[in-house]
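Enquirer: Dropping a structure here in structure tokens format, bear with me for questions.
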Amino acid sequence: MNLNDTIVAISTPPGRGGIGVVRISGPEALRVASGFLHSFVDPEARRATLCTLRDEGGALVDEVVATWFRAPQSFTSQDVVEVSCHGAPVILRHCVQRATECGARLALPGEFSLRAYLLGRIDLPQAEAIRDLIESTTLYQAKVAAQQLGGSLSRRIGPIKLQLVEMISLLEAGIDFAEDDVSVAPDAELLRRLEPILQGVAQLEASFRFGRIVHEGLTLAIVGRPNVGKSSLFNALLEQDRAIVTEVAGTTRDLVTEVASIEGIPVRFVDTAGIRESSDLVESLGIERSHQAMADADLTLVVYDASIGLDEQTRVLLERAREQGRFLLVANKCDVGAVVLGEAIGVSALTGENLGVLRERIVGTFSPEVGDGFITSLRQKGLLTEARENLERARVAIEAHIPHEMLLLDLYGALRGIDGVSGATTADDILNRIFSTFCIGK
């Protein structure tokens, strides 16, 4: 990529609106903008200027507001001009066309953010946070992305990297000056230094469990015997009548899905067919899909009727949920029954009793104390897994009294993984893959 190119793109979403923004970035941004915007001559930096956009013949097309951001005080750390036009697509396209005629080229997807990264304006976690912020569908997702954009992940991983670099430096010094009798820390001291590094990397790696849920949402399956109120609970959590509710057992015979937000987390609810022994072919297929929904879900709500209590079929279903992973036991109809086991959450889909508690428990299942900075992408998770595995090998090497030259190989392997998260050592093809997922104009 040639950073000396001046690039241009529309930075607002496709469609019509009151305002549309065209962004120009590069060493010639001011000259390019001045070439097609009348009255945009010697503008004051960071001050809006009223100009006119005209066609090649000089005819007026639009009145616009242009703002010049002098390098490095801009998003990309280059000279940037942002032109705010009326939001008609034809006007925005004409503005871009005039900019290209004056020497700019069309920007690639994510090229503005990539320039900000390459020029040191932001690091890689912050760049990825920009994409997450743009793609946010809930306010909570936007808040998390804003924290990441503010450097929360970088601040968390920075001290871990510093400790690791200090440990590497200690070992390198011992090897380089071995003939001068320079003291190298004994194995116990090396283990003491290594342990907080390994713990920090492992905790950050484990934060992906919650980070993935924040970024992608979770799938929640509601299962139980017929007529325990699964569909009523489904509708109550959604706060809309989505599933058919009757007193006839086996009303739901197929999976019913809907997406809603709980505490800012996108949740895909799956209402399932009541699980029981059945000779009906259609109902049996629905029950089979219910079992599959349990296997695919991030969390399963096992629902029983609080006026009846746990029967043998529900106990079998509960044991299956335990084996498959995370689950919550829910005693529905607690307004008419009192059989609520110790681990169960008593609710009433009819009256709404304790539904708020249930929502908190659903999100709380995935939100341990992970701190402000946590990872949200599978790329970051893979790199931290690589770093942790190298650190674990280093611990084994220290305990086995392996020569420090060999120990350093594992420590450098861990450092590469950590640097890959922060972007300090990231291959060009990986960068291209990351930034190509951004929208054009960002």
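Enquirer: For GLU258 and GLU216 in one chain, what is 0.36 nm times their gap in residues minus the Cα-Cα distance, to one decimal in nm? Provide the component values of the computation, followed by the final result.
Expert: Details: separation 42, 0.36 × 42 = 15.12 nm, distance 1.49 nm.
Here the answer is 13.6 nm.
Enquirer: Would you kindly derive the ³J(HN,Hα) couplings of the stretch 411-419 from the backbone phi angles with the Karplus curve 6.51 cos²θ - 1.76 cosθ + 1.60 (θ = phi - 60°), listing them in order in whole Hz, with x for Gly and Pro?
Expert: 5, 5, x, 5, 5, 4, x, 5, 5
Enquirer: Please list 3J(HN,Hα) in residue order for the stretch 37-45, calculated via the Karplus relation 6.51 cos²θ - 1.76 cosθ + 1.60 where θ = phi - 60°; whole Hz, with x for glycine and proline.
Expert: So the J values, rounded to whole Hz, are 10, 6, 6, 9, 10, 6, x, 7, 4.
Enquirer: Modelled label-to-label distance, ALA146 and GLU239, 7 Å Cα→beta-carbon offset: nm?
Expert: The answer from the label model is 2.1 nm.
Enquirer: Net charge within 11 Å of ILE168 by Cβ-Cβ distance, Lys/Arg positive one each and Asp/Glu negative one each, not counting ILE168 itself? Please list the in-between numbers first.
Expert: Numbers: positive: LYS161, ARG193; negative: GLU166, GLU172, ASP410.
Within the 11 Å Cβ shell, the charges total -1.
Enquirer: How big is the Kirkwood radius of the stretch 7-122, worked out from every pair of different alpha carbons and given in Å to one decimal?
Expert: Numbers: mean 1/r = 0.0716 Å⁻¹.
Result for the stretch 7-122, one decimal place: 14.0 Å.
Enquirer: Excluding residues fewer than 8 places away in the same chain, name every one of the lysines whose C-alpha is closer than 16 Å to that of LYS230.
Expert: Partners found: LYS333.
Enquirer: Right, something else. Amide H to amide H, which residues 5 or more places from THR219 or on other chains are under 5 Å from it, using H placed in the peptide plane?
Expert: Answer set, sorted by chain and number: ARG268, ASP298, LEU299.
Enquirer: Sticking with this structure for a sec: Testing the spin-label approximation: label points 7 Å from Cα along Cα→Cβ at VAL90 and SER436. State their distance in nm.
Expert: Output for this residue pair reads 3.5 nm.
Enquirer: Oh, and also: Could you run the Debye sum over the Cα atoms of the chain, one equal point scatterer each and no solvent, and tell me log10 of I(q)/I(0) at q = 0.06, 0.10 Å⁻¹, two decimals?
Expert: Reported log10 I(q)/I(0), two decimals: -0.42, -0.90.
Enquirer: Under a 10 Å cutoff between Cα atoms, tell me which one of LEU255, LEU218, LEU415 has the largest fluctuation in the Gaussian network model of the chain.
Expert: Most flexible of the set in this elastic network: LEU255.
Enquirer: If you don't mind, another one. Please report, in debye to the nearest 20, how large the charge dipole of the stretch 323-442 is about its Cα centre when each Lys and Arg carries +1 at its beta carbon and each Asp and Glu carries -1 there. Don't skip to the end; give the middle numbers.
Expert: Values: 12 positive and 16 negative charges, 75 e Å.
Rounded to the nearest 20 debye, it is 360 debye.
Enquirer: Which cross-chain or sequence-distant (5 or more) residues have an amide H under 5 Å from the amide H of VAL61, H modelled 1.01 Å from N in plane?
Expert: LEU53, ARG54, ASP55
Enquirer: Going by amide H atoms built from the backbone, whose H comes under 5 Å of the H on ALA71, apart from near neighbours?
Expert: ASP79, VAL80
Enquirer: Taking 7 Å along the Cα-to-C-beta vector as the label spot, tell me the ASP55-ALA71 distance in nanometres, rounded to one decimal.
Expert: Roughly 3.5 nm, to one decimal.
Enquirer: Applying a 10 Å radius around every beta-carbon, put 221-233, 258-270 in order of their mean neighbour count, most first.
Expert: Values: 221-233: 24.7, 258-270: 18.0.
The most tightly packed comes first, giving 221-233, 258-270.
Enquirer: Determine the dipole magnitude for the chain: charges of +1 sit on the beta-carbon of Lys and Arg, -1 on that of Asp and Glu, nothing else is charged, the reference point is the Cα centre, and the result goes in debye to the nearest 20.
Expert: Details: 43 positive and 60 negative charges, 249 e Å.
Here the size comes out at about 1200 debye.
Enquirer: Next question. With point charges of +1 on the Cβ of Lys and Arg and -1 on the Cβ of Asp and Glu, referenced to the Cα centre of the chain, which listed residue (LEU329, LEU318, LEU255) lies farthest in the positive direction of the dipole?
Expert: About the Cα centre, the residue reaching furthest to the positive side is LEU255.
Enquirer: Just to check I understand the Karplus step: with θ = phi - 60° and J = 6.51 cos²θ - 1.76 cosθ + 1.60, what whole-Hz values come out for the stretch 28-35, glycine and proline as x?
Expert: 9, 4, 5, 5, 4, 5, 5, x
Enquirer: Assigning unit charges at the beta carbon (Lys, Arg +1; Asp, Glu -1) and nothing else, what dipole magnitude in debye, to the nearest 20, does the stretch 7-122 show about its Cα centre? It would help to have the intermediate numbers written out before the result.
Expert: On the way: 12 positive and 11 negative charges, 64 e Å.
Dipole of the stretch 7-122, to the nearest 20 debye: 300 debye.
Enquirer: Could you state the angle between the C-alpha long axis of helix 187-206 and the longest principal axis of the C-alpha atoms of the chain, as a value from 0 to 90 degrees rounded to the nearest 10?
Expert: 80
Enquirer: Run lengths n ≥ 4 of DSSP H only: what is the helix-derived mean residue ellipticity at 222 nm for the chain, with -39500 (n - 2.57) per run over all residues, to the nearest 500?
Expert: So the calculated ellipticity at 222 nm is -14500 deg cm²/dmol.
Every number here is computed from the coordinates shown, using simple stated rules; none is lab data. Everything quoted here is computed from the prediction, not taken from an experiment. So basically every Cβ, Gly included, is an ideal-geometry build from the backbone, and we count neighbours across all protein chains shown.
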